[in-house]
Amino acid sequence: MKALTVLPCSPFLALPGLGAGVPLTVASNSQARANAALCRFLIEAGAVREGDLPESESDPLKACERAIDAWVKRQVGPLQCLEPRFAVGVLDEHGHRPAMRGERQTAYAQLDVYWCEYREAEWAVGEGLEALNAAMPHLGATVLQVLRDQSRHVYPLFTPDIACDVASYVYWQGEMDEEAALDMMCEDCDEAERDAMREEMVTRGKLDASYPEWARSWLSLPGKGERRFKGKKAWKPCNLRHAAKTLTDPRMRQIAADALVQHP
């Protein structure tokens, strides 16, 4: 058996490569100065920590974007309902993206920071509200009302009354049920075709069957001196302070206590 001889590679066949000191991208002096000014501003503002900057990122703007994203999340704190993502854009003095004008790039004048939603989470609380109502009269309805009252301060809630409003806007031509919309769409249809179209829609009957009456309407107490209309059921909110002290289930006590803090 003959021995296998490995010949050294010819230097002429070696692939060319760039030295470590050669940048992969080339930026104009004005752009490099603007990027450096932006980095310096973020550092002096205390928005950048050493661990925020990616080691392998050659684009200064993307590095600044990562630093701002980390800084904002530190200020906001941990979130459970979604994970926001932040991005950065630079604008000139007129609010436009910088462009080349006369072989020179317009200077950065504004920093545009924007965000988008990512990994939104959903929690269905219908059964929980029913359980609260069962534990103490009107407790679930009272907690739902607190959520509605405070929803303007937090990420929007999709409650049954909002579902009814959306159905009215999308399906019912702004009416309280689907009949007017069916009249418009089924003008030349027979009753069977009308019923078939009704089955494909979100109807008032389906919503009424899905949500109890107390969840489908915004609950409000009559004002002082106002008379309640005959036949209209009065709504009496649960005493949250009493619920937080007397409920035997610790989780329900905590829910009542949290609602009390938001709506004492």
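The residues of region 58-207 present an accessible area of 66 Å² per residue when probed at 1.4 Å with all protein chains retained. Quick check: at a probe of 1.4 Å, how many percent of the accessible area of region 69-138 sits on carbon and sulfur atoms? Looking at region 69-138 in its full context, I get 51 percent from C and S.
Counting only aspartates and glutamates at least 8 places from LYS206 when in the same chain, those with an alpha carbon closer than 13 Å to its own are ASP177, GLU178. With a Förster radius of 45 Å applied to the beta-carbon distance between VAL113 and ASP149, the computed FRET efficiency rounds to 0.90.
Multiplying the residue separation of GLN75 and ASP165 by 0.36 nm and removing their Cα-Cα distance gives an extension gain of 28.9 nm.
Note on MET184: accessible area is roughly 130 Å² with a 1.4 Å probe, heavy atoms of protein only. A simple spin-label model places pseudo-atoms 7 Å from Cα toward Cβ; at LYS245 and ASP208 they are separated by 4.1 nm. The gain in end-to-end length when the ALA131 to ALA87 segment is fully stretched comes to 11.6 nm, 0.36 nm per residue minus the alpha carbon separation.
When region 69-161 is described by a simple charge dipole with +1 on each Lys and Arg Cβ and -1 on each Asp and Glu Cβ, the residue from VAL146, GLY95, CYS116 located farthest towards its positive end is GLY95.
The values are calculated or read from the model by the stated rules, or taken from the named source; none is laboratory data. These numbers were taken from a predicted model, which means no experiment stands behind them. Positions of Cβ are generated from backbone atoms using ideal geometry, with glycine treated the same way; all protein chains shown enter the neighbour counts. Areas reflect the complete protein model, heavy atoms only, side chains present, ligands, DNA and RNA absent. Shrake-Rupley method; radii C 1.70, N 1.55, O 1.52, S 1.80 Å.
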